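**Q** Starting off with a structure, shown below.
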Amino acid sequence: MSARFIAHLDMDAFYASVELLRYPELRGLPLVIGGRRRVDANVSLDDVPRLRNYLGRGVITTATYEARAFGVHSGMGLMKAAKLAPDALVLPADFDEYRRYSRMFKDAVRVITPHIEDRGIDEIYIDLSDLVLPHTDSWARARDVGASLQAAVREATGLSCSIGITPNKLLSKIASELGKPGGVTVLCDQDIAARVWPLAARKLNGIGPKATARLEALGIRTIGELASADPAMLVEQFGKSYGAWMCAAANGRDDRPVVTFSEPKSISRETTFEHDLHPVRDREALSQIFTDLCVRVAADLERKGYVGKTVGLKLRYDNFKTVTRDCTIEEPTRDAVVIRRAAGSCLKRVPLDRRIRLLGVRMSALTKGAAMSLQMTATP
């Protein structure tokens, strides 16, 4: 395989950084994003709640680096985080705004190169080979291109990002973490032993908590120890496919291409309520939330140019039991009214005898569709 130069671009504390653009007076303070209490646009420091006063079930979506210094992190419950950083500030998540900034930073990168694999709201892979290989000092050129990408993102959004550039996606994902926040880290094959092997094995994207525990039981804690482990032993312990992958990944081998386009299988919206809602006493609130989810799914379909034929409902009760129901309609649509009607028919097929903690709507069986727009303004 010919030489490749693959970048992983990861936005720094993305959600929190977007909020700091709106509330610059909070910059430099420990701040977590999570929960659902709305804060006025003209916020003052006194208006923003502290974690110690937070009551609810929310989890941290992200946190500033000042908050992370106290040990809080994304996915942690806000009540638990309050014990670690009671004076940290908390703002509610605004995913519409985060998606808007996501589109902005990706559009800025596309001006430089179209070879982008979208990996989520705050990260992308970029194949820089065409921009780098014509130059004699290719690794120096790669660093320059990385700096140009950073500058373009900052100019378009006012936000910082971290970039890792290596011969493949696996190493680039690791490298982007090494320079956070705001770094450009360039690694070639010769750097693996010094820069990658000392890292914990869990730093390999694909080795989770269970695999980490099993590796530690075998005396393997670092990527370097995994790289030198007997391949036959890894296959015996973890299976043919996963064991072979572990051996290859620890040695920095990854042949996956940057996939610049893939058709989505479904488009969905869901929300977890701050407090469980009763299907009878909170019927009006649930109905409005349900309608809003359908409108948002319709808007997502419109923006991405798809129509769908299968409407799905997801509902989670207060006992954490989750049920799903689907129905297929006659003609593909992105009409919010049609989606709401079909999702409502799904709702009639689930028991409504317990409080509800999560509600979601999904559209699948997607195809590219002609432009159409029908907004839904009232609850049927």
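Residue by residue, here is whether (1) free of Cβ contacts under 8 Å to residues at least 24 places away in the same chain; (2) assigned by TED's automatic domain parsing to the domain that holds Val32; (3) within 18 Å of Glu19 (Cα to Cα) holds:
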| residue | (1), (2), (3) |
| --- | --- |
| Phe105 | no, no, yes |
| Val109 | no, no, no |
| Asp118 | yes, no, no |
| Ile124 | no, no, no |
| Asp127 | no, no, no |
| Asp130 | yes, no, no |
| Leu133 | no, no, no |
| Trp139 | no, no, no |
| Ala142 | no, no, no |
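**Q** Exactly one condition in (1) polar (S, T, N, Q); (2) touching a residue at least 24 places away in the same chain (Cβ under 8 Å); (3) not in a loop (DSSP other than H, G, I, E, B) is false for Thr260; which is it?
**A** So the condition that Thr260 fails would be (3).
Residue by residue, here is whether (1) closer than 19 Å to Leu347 by Cβ; (2) of a type in the set (Ser, Thr, Tyr) holds:
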{"residue": "Arg283", "(1), (2)": "yes, no"}
{"residue": "Thr291", "(1), (2)": "yes, yes"}
{"residue": "Asp300", "(1), (2)": "no, no"}
{"residue": "Gly305", "(1), (2)": "no, no"}
{"residue": "Val311", "(1), (2)": "yes, no"}
{"residue": "Leu315", "(1), (2)": "yes, no"}
{"residue": "Cys327", "(1), (2)": "yes, no"}
{"residue": "Arg334", "(1), (2)": "no, no"}
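**Q** May I pose another question? Quick check on segment 331-340. Is at least one of its residues assigned to a strand (DSSP E or B) and in contact (Cβ under 8 Å) with a residue 60 or more places away in the chain? So that I can check it myself, show each step before the final result.
**A** In the first step, residues of segment 331-340 are kept if they are assigned to a strand (DSSP E or B); the result is 331-333.
If we keep only those that are in contact (Cβ under 8 Å) with a residue 60 or more places away in the chain as well, we get none.
No, because not a single residue in segment 331-340 is assigned to a strand (DSSP E or B) and in contact (Cβ under 8 Å) with a residue 60 or more places away in the chain.
**Q** Go through (1) part of a strand (DSSP E or B); (2) of a type in the set (Val, Ile, Thr); (3) in contact with a Ser or Thr (Cβ under 8 Å, 6 or more places away or on another chain); (4) more than 20 Å from Ala175 (Cβ to Cβ) one by one and return the number of the condition Val90 breaks.
**A** Looking at each condition in turn, Val90 falls short on (3).
**Q** Quick check on this structure: which one of Val235, Val295 is in a helix (DSSP H, G or I) and out of contact with any Phe, Trp or Tyr (no Cβ under 9 Å at 6 or more places or on another chain)? Break it down into steps so the answer makes sense when it comes.
**A** Values: Val235 fails: out of contact with any Phe, Trp or Tyr (no Cβ under 9 Å at 6 or more places or on another chain).
Of the residues listed, the single one that is in a helix (DSSP H, G or I) and out of contact with any Phe, Trp or Tyr (no Cβ under 9 Å at 6 or more places or on another chain) is Val295.
**Q** Now, a different point. Checking Leu286 against (1) crowded, with 19+ Cβ neighbours inside 10 Å; (2) over 22 Å from the mean Cα position of the chain (by Cα); (3) farther than 16 Å from Phe273 by Cα, which single condition isn't satisfied?
**A** All conditions pass for Leu286, except number (3).
**Q** Only one of Arg325, Arg354 is part of a loop (DSSP other than H, G, I, E, B) and out of contact with any Ser or Thr (no Cβ under 7 Å at 6 or more places or on another chain); which?
**A** Numbers: Arg325 fails: part of a loop (DSSP other than H, G, I, E, B).
Step by step, each of Arg325, Arg354 is checked, and only Arg354 is part of a loop (DSSP other than H, G, I, E, B) and out of contact with any Ser or Thr (no Cβ under 7 Å at 6 or more places or on another chain).
**Q** For segment 296-319, enumerate the residues that are among the aliphatic types (A, V, I, L, M) and buried (at least 19 other Cβ atoms within 10 Å of the Cβ).
**A** Looking only at segment 296-319, we keep the residues that are among the aliphatic types (A, V, I, L, M), and these are 297-299, 301, 307, 311, 313, 315.
Residues satisfying the conditions are Val297, Ala298, Leu301, Val307, Val311, Leu313, Leu315.
**Q** Which is touching a residue at least 60 places away in the same chain (Cβ under 8 Å), out of contact with any Asp or Glu (no Cβ under 9 Å at 6 or more places or on another chain) and not polar (S, T, N, Q), of Arg253, Arg202? Please lay out each step first, then the result.
**A** Working: Arg202 fails: touching a residue at least 60 places away in the same chain (Cβ under 8 Å).
After applying the criteria, what remains is Arg253.
**Q** I'd like to verify a number: residues in segment 314-352 that are closer than 20 Å to Asp292 by Cα and of a type in the set (S, T, N, Q), how many?
**A** 3
**Q** Only one of Leu159, Leu171 is touching a helix residue (DSSP H, G or I) at 6+ places or on another chain (Cβ under 8 Å), farther than 23 Å from Cys247 by Cα and in contact (Cβ under 8 Å) with a residue 40 or more places away in the chain. Can you tell me which? Step through it out loud before you land on a result.
**A** Values: Leu171 fails: farther than 23 Å from Cys247 by Cα.
The match here is Leu159.
**Q** Can I ask one more? Of everything in segment 184-210, what is among the small types (Gly, Ala, Ser), under 25 Å from the mean Cα position of the chain (by Cα), modelled with pLDDT of 95 or more and surrounded by fewer than 21 Cβ atoms within 10 Å (Cβ to Cβ)? Give them in sequence order.
**A** We begin by selecting, within segment 184-210, every residue among the small types (Gly, Ala, Ser); these are 193-194, 200-201, 206, 208.
Subsequent filtering for residues that are under 25 Å from the mean Cα position of the chain (by Cα) retains 200-201, 206, 208.
From what's left, modelled with pLDDT of 95 or more: 200-201.
Answer for segment 184-210, where residues must be among the small types (Gly, Ala, Ser), under 25 Å from the mean Cα position of the chain (by Cα), modelled with pLDDT of 95 or more and surrounded by fewer than 21 Cβ atoms within 10 Å (Cβ to Cβ): just Ala200.
The values are calculated or read from the model by the stated rules, or taken from the named source; none is laboratory data. Remember, predicted model here, so these are calculated numbers, not experimental data. Note that we place each Cβ from the backbone using ideal geometry, even for glycine, and neighbour counts take in every protein chain shown.
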